[in-house]
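K.L.:
I'd like to ask some things about the structure below.
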Amino acid sequence: MTSPDHAFRLDLTPTPSSFHRWWRIDNNYGPGFWYATFNGDTPAEIVAGLTDALIRPEPEEPAPSVTEVLTSRGWQHTTSETGSQKLTSPDGIVQVELYVSPSLGVMGWEIEAAHHHGQHGPQERMWRAYFDEATPAHLLAAVAEAICDPTPVLRARFKINDSAHLAQGAEFAIGAEVVGAHKQRLAEARRHRPKTRLTTTAAAASAVPGTAAPARPSR
């Protein structure tokens, strides 16, 4: 998919493994090129945090940083000697890391969800996302807000991962709720759709140069 002004591009490339990169969003190789990727198991609400922010007008006020958004929600924050930052959710499931290489500088933000994060890395990974270091701040903030959103999500019975941290509500038929939420998001998206310039038939006709009728052959 390409935005109407060709400024942004979204690619969805499913692979046999859902842990591989499925989603890629970038600014179509424009100035200040940036990109973001999500694997196939990334919750739709997290991907939507970026895409919904992408279609809205860019805010005039400076966006809060990822660190500001997450620490205000009680996330643990540590910084290394090289300047790398790591933020861990209160339940320990999600880690958000800004890696800074001593030789290459800032490498971008990586978000990884796993049942357990130990000294040897994540165990039983659930999903993963990556954001180039040039990704606009308001888009990063929108994703951080989506990760922290406490609103319950709708999931089918067999789409629920077992976890000691999961609070499961009462079971009910979710079809109408899913359709309603989908329509609401579409309506919100259409509010920000660029308006096209229409040309009336009369104006279009007047703009077309007239053509002479072919001359009849003389006898």
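K.L.:
Using only the Cα atoms, what convex hull volume per residue in Å³ does segment 1-105 have?
P.N.:
156
K.L.:
Quick check: net charge around Leu98, other residues with Cβ under 9 Å of its Cβ, Lys/Arg +1 and Asp/Glu -1?
P.N.:
Cβ neighbours under 9 Å give a net charge of -2.
K.L.:
So if each residue of separation counts as 0.36 nm, and I subtract the Cα-Cα distance between Val178 and His115, what length gain in nm does that give?
P.N.:
Full-extension gain reported as 20.0 nm.
K.L.:
Residues of segment 18-57 with amide nitrogen under 16 Å from the 7 Å Cα-to-Cβ point of His6?
P.N.:
Counting only backbone N, you get 27-31.
K.L.:
Between Phe19 and Gln168, what FRET efficiency comes out of the Förster formula 1/(1 + (r/R0)^6) with R0 = 35 Å and r the beta carbon distance, rounded to 0.05?
P.N.:
According to the calculation, E is roughly 0.90.
K.L.:
State, in angstrom, two size descriptors of segment 66-128 derived from its alpha carbons: Rg to one decimal place and Dmax to the nearest whole number.
P.N.:
11.8, 33
K.L.:
Considering only the other residues whose Cβ falls under 15 Å of the Cβ of Asn28, what net charge follows from Lys and Arg at +1 and Asp and Glu at -1?
P.N.:
-2
K.L.:
Now for a separate question. Rg (Å, one decimal) plus Dmax (Å, integer) for the alpha carbons of segment 43-164?
P.N.:
In order Rg, Dmax, the Cα atoms of segment 43-164 give 15.0, 48 Å.
K.L.:
For Glu81 and Val106 in the same chain, what is the full-extension length gain: residue separation times 0.36 nm, less their Cα-Cα distance, in nm?
P.N.:
Once the chain is fully extended between Glu81 and Val106, it gains 7.7 nm.
Quick note: the coordinates plus some simple rules give every number you see, no bench work behind them. The shown structure was predicted, so the numbers you read here are calculated from the model rather than taken from an experiment. Cβ: placed from backbone, ideal geometry, glycine included. Neighbour counts: every protein chain shown.
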